[in-house]
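The block underneath contains the structure these notes are about, expressed in structure tokens.
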2 protein chains.
Amino acid sequence: MQTIAPELAELAGLIADPGRASILSRLMDGRAQTASELAVVAGVTPQTASWHLARLAERALLKVERRGPRRFYRLATPLVAQMLEGMMTVAAIDPRPSRPPPRIDADMRRARTCYDHLAGELGVAVTDAMRRHDHLNLDQEGGELTASGRAFLGDLGIDLHAPARSRRVLCRPCLDWSEQRLHLAGRAGAAIADLALQRDWIRRRPQGRSVEITAAGLVAFRDSFGARI
Amino acid sequence: MQTIAPELAELAGLIADPGRASILSRLMDGRAQTASELAVVAGVTPQTASWHLARLAERALLKVERRGPRRFYRLATPLVAQMLEGMMTVAAIDPRPSRPPPRIDADMRRARTCYDHLAGELGVAVTDAMRRHDHLNLDQEGGELTASGRAFLGDLGIDLHAPARSRRVLCRPCLDWSEQRLHLAGRAGAAIADLALQRDWIRRRPQGRSVEITAAGLVAFRDSFGARI
DNA sequence: TGAACATTTCGATCATGATCGAAGCGTTAC
DNA sequence: GTAACGCTTCGATCATGATCGAAATGTTCA
């Protein structure tokens, strides 16, 4: 009579440690970081971080690449990222009256990457603007670009053709944990984030996974997307 | 510099206890159960179960209704169910060569409810059949019934009109943790499960959330849906 | 009203897992 | 070849959380 409950508990146990949760959350920006960087993130010694990382890698939540003496760790799969996002969405809801809601870092709320696409107020604003302009249909059920949306993104220089054999969906609804509303994920969402980085509309910060919206970005998101941020 | 990581860890910690994981997994069938029933599920004394349930209810993972001396607990929201499903999907993947893959109970694998819709081989077979007959488009991106699909389900006696003010999506892709493939969720998926229960095609078991496919069900799924199970 | 049943609360106990110091291993540059 | 850096492994320690016995509370029925 084997159910999935023991495996569920084990998986949750891996995430339940605050140090490991910090690591996983940090790596939600899709980047890889070294073991010693992640030790700082987790607030523990390198040896403790090493032990945590080994457990996460063993269980295929993280994957590791070695470059010289350095180990770079990143989230193993988009499925893991999606799972974590789902947990964060529930985690951000705290109905206990005796506790204030989690005070979310303002930078994280304003703009961050969620694995490979935009999230926070920025992600939601861009998504909403595209919907308002009938470039995008997106709801909990799913999402699709309209013809005008394809043209719009094409004009921005985004190539929407799927890489060969890609099973990656073009538009996926992703429930934003800080806004508790949908933002655009999938290939289209990732392409927009890539573009924004290339155009220097947003900049990654050296620490954390919030991103900075540049002055040029504010203009571009307003003028090109019609997004008020 | 507050991130969501502490809340994520706390939430995961609630799920990480094997007894609590068993409770949550059991309640994934959408039904409510009493505290003493859930104590048996968790394999602990009633007082320990009471303490676990209080913690889950406090954190709004479960909600409780009192009827006389009995307390009935159920999953608090579909969002919680969705989160758990996402975790189960990752939990069912164990890449460690030193460990056999989780041996999933055969009844659970064959047919079970995933909150309010069909899952396991049955759920996937019904979904695949509907896709084969062009009644349903469903992929990771999302899903929709075709015109023939609407007619098909209408002929079966399913009313697809949304209840007033329902924000419930009609078709949602749900990645089945035992099959690692998509089955149909959303209002349509739930309606099919309801119908199957009403028609006695499937029967809930007194223990657990696997469902039994009746002989009539086998015929109906084959003849009406074209699903081989 | 008392008994039976369901459930909750409290406190002491114990097991588990995270921690860091110490030591060792691997890589690279000089 | 050696030193510096990055990372891992091991063992002892300690804090935390799950556990159950005991007791109490709430509901229903005869």
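The values are calculated or read from the model by the stated rules, or taken from the named source; none is laboratory data. Model, not experiment: these values are computed from the prediction. Note: ideal-geometry Cβ built from the backbone for every residue, glycine included; neighbour counts use all protein chains shown. Areas reflect the complete protein model, heavy atoms only, side chains present, ligands, DNA and RNA absent. Shrake-Rupley method; radii C 1.70, N 1.55, O 1.52, S 1.80 Å.
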For this session: For residues that are assigned to a strand (DSSP E or B), in contact (Cβ under 8 Å) with a residue 40 or more places away in the chain and farther than 13 Å from A:Gly120 by Cβ, tally how many sit in the stretch A:186-215.
Result: 1
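Each row is one residue, and each column tells you yes or no for (1) under 25 Å from A:Val211 (Cα atoms); (2) touching a residue at least 12 places away in the same chain (Cβ under 8 Å); (3) assigned to a helix (DSSP H, G or I); (4) not hydrophobic (A, V, I, L, M, F, W, C).
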site: A:Arg131; (1), (2), (3), (4): yes, no, yes, yes
site: A:Ala151; (1), (2), (3), (4): no, no, yes, no
site: A:Gly154; (1), (2), (3), (4): yes, no, yes, yes
site: A:Ile158; (1), (2), (3), (4): yes, yes, no, no
For this session: Test A:Gln207 against the criterion of being open to solvent by 10 Å² or more (accessible area, probe 1.4 Å), in contact with a strand residue (DSSP E or B) (Cβ under 8 Å, 6 or more places away or on another chain) and within 11 Å of chain B (Cβ to nearest Cβ), and give yes or no.
Result: no
Exercise. Of all residues in the stretch B:214-229, which are surrounded by 20 or more Cβ atoms within 10 Å (Cβ to Cβ) and among the aliphatic types (A, V, I, L, M)?
Worked result: B:Ala220, B:Ala227
Exercise. Looking at the stretch B:1-104, what helices (runs of 4 or more DSSP H) fall wholly within it and have at least 2 residues that are farther than 22 Å from A:Glu10 by Cα, more than 7 Å from chain A (Cβ to nearest Cβ) and within 14 Å of DNA strand C (Cβ to nearest atom)?
Worked result: B:35-42, B:46-58
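To keep it simple, each residue is scored yes or no on (1) more than 12 Å from DNA strand D (Cβ to nearest atom); (2) open to solvent by 10 Å² or more (accessible area, probe 1.4 Å).
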{"site": "A:Ala5", "(1), (2)": "yes, no"}
{"site": "A:Leu38", "(1), (2)": "no, no"}
{"site": "A:Thr45", "(1), (2)": "no, yes"}
{"site": "A:Leu53", "(1), (2)": "no, no"}
{"site": "A:Arg70", "(1), (2)": "no, yes"}
For this session: Among the candidates B:Asp194, B:Asp176, single out the residue that is assigned by TED's automatic domain parsing to the domain that holds B:Ala111 and surrounded by 20 or more Cβ atoms within 10 Å (Cβ to Cβ).
Result: B:Asp176
Problem set entry | Meets criteria (in the same structural domain as B:Glu179 (by TED's automatic domain parsing), touching a helix residue (DSSP H, G or I) at 6+ places or on another chain (Cβ under 7 Å), under 28 Å from B:Gly186 (Cβ atoms) and not aliphatic (A, V, I, L, M)) for B:Asp128 | no
